[in-house]
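No lab work stands behind these numbers, since they all come straight from the coordinates. In this text, all values refer to a predicted model and were calculated from it rather than measured experimentally.
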Amino acid sequence: MSSASIGVQADRPAELDLVRRLKDPALLLLPALAFLAFIYLLPLIDLIRISVSGPSWSSYFARVFAIPLYWDSLVRTLQISVTVAGLCLLFGYPTALLIHRSRGIAQVLIATAIVLPYFIAILIRTYAWMVLLGRNGPVNKLLVSIGILSEPVQLLFNRGTVLLGMTAVLLPLMVLTIYSSVARLDQSLTRAALASGAGPLAAFWRVLLPLTLPGMGAGFLLVFVAAIGFFITPTLLGGPGDQMFAMHITQQADSVTSEGFLQALGVVLLTITLAVVAVAGRFLGFEFIWGGRKLTEAVPRATDRHTGDAGRRSLGASVADFIGWPLLRLFGRLPGSCGTWTVRVMGGLVIAILILPIIVVMIISFSSASYLTFPPPGFSLRWYEQFFSDSNWMRAFWTSLVVAAMSAAIAISLGASAALGIVRSDIRGKSAIMLLLVSPIIVPPVVLGLSLYSLFLRFDLVGSVFGLAAAHAIGGLPLVVVILSASLQGVDTRLEQAAAVHGASSLTVFRLVTLPAIMPGLAAATFFAFLHSFDELVLTLFLSSAELKTLPLMLWGDVNYRLNPVLAVVSTLEVLLVVAGLALARPVLATSRKATSQ
């Protein structure tokens, strides 16, 4: 054998190894990770760099905490966030139980009443409460008609309306998080407790509550983290004494201020958010962020997983014992039907809080009056005609469509690739990679907008359609990854293996087997990425220009300066868009529930 042939044979294993590596599904993660590294992580790192660039690294932070205005606002933000999370837990838990215990068409209707508001823009839901609680709104008219008030009063712009509005906005998140925990339960455990002589309340406290505590904790923390960065609702519904910390960042961004001081405000809010998430991840696992199970790693650690689950169950039982037994002694003699009626009444109240404002706004969109009033004196299409004939509204509408379409295209192309890499590869650290991919949903939008503004200025992307679409795609990407990961987990891999055994290439297997199987999920992910961009306001406030105005930006300006039924028209069109999308997403939502329950 010649030395040349020996050299060729020696090179073949290396070539085959290179080919195998190039076919590794883990490589599909690279585009999404590169995108996030440049347009997400880099701006946040730069934000931190600027915040510590003073005479000393702590100079700007010392100013933040030395000014009573910001310190008081920070304390107020934490107080409001904890209160809102507590209210959502109080009303969300019975509602999740109501969905779980309902059957047939009743369950579908209740679930729809919860899910529908979840996907409607926060700005529109907040506007609905402004209509509902306004001087000419139905609440004032009802109170006057039954004699509680002699004339309409100002119900807006106070702490109560801020708590009500934020709770109504975040309640669906709590309900869906707890429901995903309740749906996994083995119902035979509760039946066994009842058969053993335990009363309904004892079975709840000793069986149901400990098993659902992780879901309750995850829901509480998700709502708390979301509330910390709230900006839209407290701005529109609160008064001067209800300003939250995120509002100061937007106000400072509009004024001439020290660059480092503004970034320090953002870093303070970001640090608190990440600290809460880190502590929560230590006890609950970071999977609570994307609502799934721990992803399969290259080297399974079953012992650690079972040990952690057992520890959480033991902690849940201990908490239930400590809190529950005194209550059992107090309420143990009540009939079991009291619990059932409590769930129905509180669940019904939640549904009313979520749905009634939307219905009122939709009715007002057909009002013949020249101002906001309910009930309308007559019905007319004048406001629809005004919306579609106004060049400013239509220009903003088409701009939103273009930006949302571009953003969805970016999010789908990157997110689909990343989902394939997560589900099909054996790479180590899947949970850490998934945490990075979905982490944009936990970063306060005002912080992300502030960090992107500095980066986009350098590349002349502020006020550009592509820049705005790319920024919106940061939030759309996690939605795509979560939805398509659930869809891919529901695909029978034996079909893919059979196609590969018969000589089909990887691309052919994906095109003929995988793609048709995940098509409902792909359509749903595309819609939700599109809707996320179409509704996005906070990033748009930082990155738009006088020439580039989207529909939410136009709506924001009108809500702040004048209220008229044209805004109700925009809200109604948004609701119809969401209804159409949810109808499209029904198959993938069912698949997602099955995947997370396994």
Whole-Hz ³J(HN,Hα) for each residue in the stretch 156-165, computed from phi via Karplus 6.51 cos²θ - 1.76 cosθ + 1.60 with θ = phi - 60°, x for glycine and proline: what do you get? 8, 6, 8, 5, x, 5, 5, 5, 5, x
What whole number of Å gives the distance from the Cα centroid of the stretch 30-102 to the Cα centroid of the stretch 408-472? 18 Å
Mean projected area (nm²) from the convex hull of Cα positions in the stretch 380-598 is 14.8 nm²
Hz values of 3J(HN,Hα) by residue in the stretch 215-228 - Karplus curve (6.51, -1.76, 1.60), Gly and Pro given as x: x, 5, x, 5, x, 4, 6, 5, 5, 4, 5, 5, 5, 4
Step through the residues of the stretch 572-581 one at a time and calculate ³J(HN,Hα) from phi using the Karplus curve (6.51 cos²θ - 1.76 cosθ + 1.60, θ = phi - 60°), rounding each to whole Hz and writing x for Gly and Pro. 5, 4, 5, 4, 5, 5, 5, 4, 5, x
Counting sequence-distant residues (5 or more places) and residues on other chains, those with an amide H built under 5 Å from that of Ile67 are none
Distant-in-sequence amide H partners of Ser367 (H built 1.01 Å from N, under 5 Å): Ser380
What residues have an amide H closer than 5 Å to that of Leu149, excluding those fewer than 5 places away on the same chain, when H is modeled at 1.01 Å from N in the peptide plane? Val144
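Taking 25 °C and 0.890 mPa s as the conditions, I'd like the Stokes-Einstein D for the stretch 142-188 in µm²/s, using the Kirkwood hydrodynamic radius from alpha carbon pairs.
Result for D is 175 µm²/s.
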